[in-house]
Structure formats: C-alpha cells, structure tokens
1. When Lys and Arg each count +1 and Asp and Glu each count -1, what net charge do the other residues less than 11 Å away from I140, Cβ to Cβ, add up to?
2. With each label point set 7 Å from Cα along the Cα-Cβ vector, what nm distance links A58 and E96?
3. Near the amide H of G55, under 5 Å away, which other amide H atoms are found, from residues 5 or more places off or on another chain, if H is placed in the peptide plane?
4. Could you bin all the Cα-Cα distances of region 69-143 into 5 Å bins starting at 0 and give me the percent of pairs in each, rounded to whole numbers?
5. How much length, in nm to one decimal, is gained on full extension between K8 and E47, taken as 0.36 nm per residue of separation minus their Cα-Cα distance?
6. Quick one: dipole size for region 2-120, taken about the Cα centre, charges +1 on Lys/Arg Cβ and -1 on Asp/Glu Cβ, in debye to the nearest 20.
7. Can you find, among G110, V51, M62, the residue sitting farthest towards the positive end of the charge dipole of the chain, where Lys and Arg contribute +1 and Asp and Glu -1 at Cβ?
8. Using packing as a proxy for protection, rank 74-83, 88-97, 43-52 so that the peptide with the highest average count of other Cβ atoms within 10 Å comes first.
Amino acid sequence: MGLWSFVKGAGKKVFGGDDDAEVSGAALQDELKELGLDAGGLDITVEGDKVKVTGKAASQEMREKVILAVGNVEGVAAVEDDVEGGDGEPTFHTVEKGDTLWAISEKALGNGAHYEKIFEANKPMLSHPDKIYPGQVLRIPAV
C-alpha cells in the first residue's frame, strides 16, 4: 500500500475543457480502457483530488501502470494504492524541467543507454521517448 503524489495541474486532460470538471472514477476507467490497460479486478474511486485504487491487479506491472495512468491525469494530486498481489513498492520518478529519458536512466539505473527500458516500462502512456513533460511521473523498471 502506498500514497503517490502527482502534480495536480499537469497531465492528460480526460474530463473535457471545463477547468471545473471533476475527476470521476468512471472517466478514469474509460482512460484505462483507451490505453489498453487491464484494470479488471480493480476498483477506482475519487475523493476530491485523490484517487483510490483497490482490488487485485493482474500483475505488479499492471498495478504500477494503473497507478501512473490515473495519476498522470490533470486534476489528480495523489493516488492511494491498496491493491492486493503486489510484489513490493514500485519505483517512480517525477520528471523535472530539462529531464530526458537518457538523463533519468543515468540517475535511476546508472546507465543512460537503458532509457529504452524506461520507455518500454511506461507504454502505452508514453508514445515517444522525447514526449515527456515536467510533473509527469514515470515507472522505473528493475534492471
């Protein structure tokens, strides 16, 4: 179980253009389906700007991707993870201004050439290795 912080004002807009649009569990479930992520067995509820994910994930990888997919949505400030079947705590990195996947890989994995592993670990949320933004949270895989 963990509580993961996200930048509330950064992320993908999934609630339309209305700045006052509230985050909903149904909209987040739709986002997961659109990304092709298996959220079967998981319940997603929203309490203000915090999302709570409970239930049983298909795998540790899917657990981590669901946390990131719902957290990297504009309007979400935190994700509380109470998912069964996890293999430990995930490693995440919050992108800072000027970061590249190469630089993140050097810092987190000890070798910039492993940037492709970070890119692959964050698919389908990432579509290209150069398309990251400050405030975005990325999954760092074990090497």
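Every read-out reported here was derived from the displayed coordinates using simple, explicitly stated rules and does not represent laboratory data. Keep in mind it's a predicted model, so treat the numbers as computed, not measured. Quick reminder, even Gly has a Cβ in these numbers, built from the backbone with ideal geometry, and neighbours come from all protein chains shown.
1. On the way: positive: K107, K117, R139; negative: E64.
In short, +2.
2. My value for the distance between the label points is 3.5 nm.
3. Residues meeting the criterion, in which the H sits 1.01 Å from N, are D43, E84.
4. P(r) for region 69-143, in whole percents per bin: 3, 15, 27, 25, 17, 10, 3, 0.
5. Values: separation 39, 0.36 × 39 = 14.04 nm, distance 1.37 nm.
Residue separation times 0.36 nm, minus the Cα-Cα distance, leaves 12.7 nm.
6. 240 debye
7. G110
8. Final packing ranking: 74-83, 43-52, 88-97.
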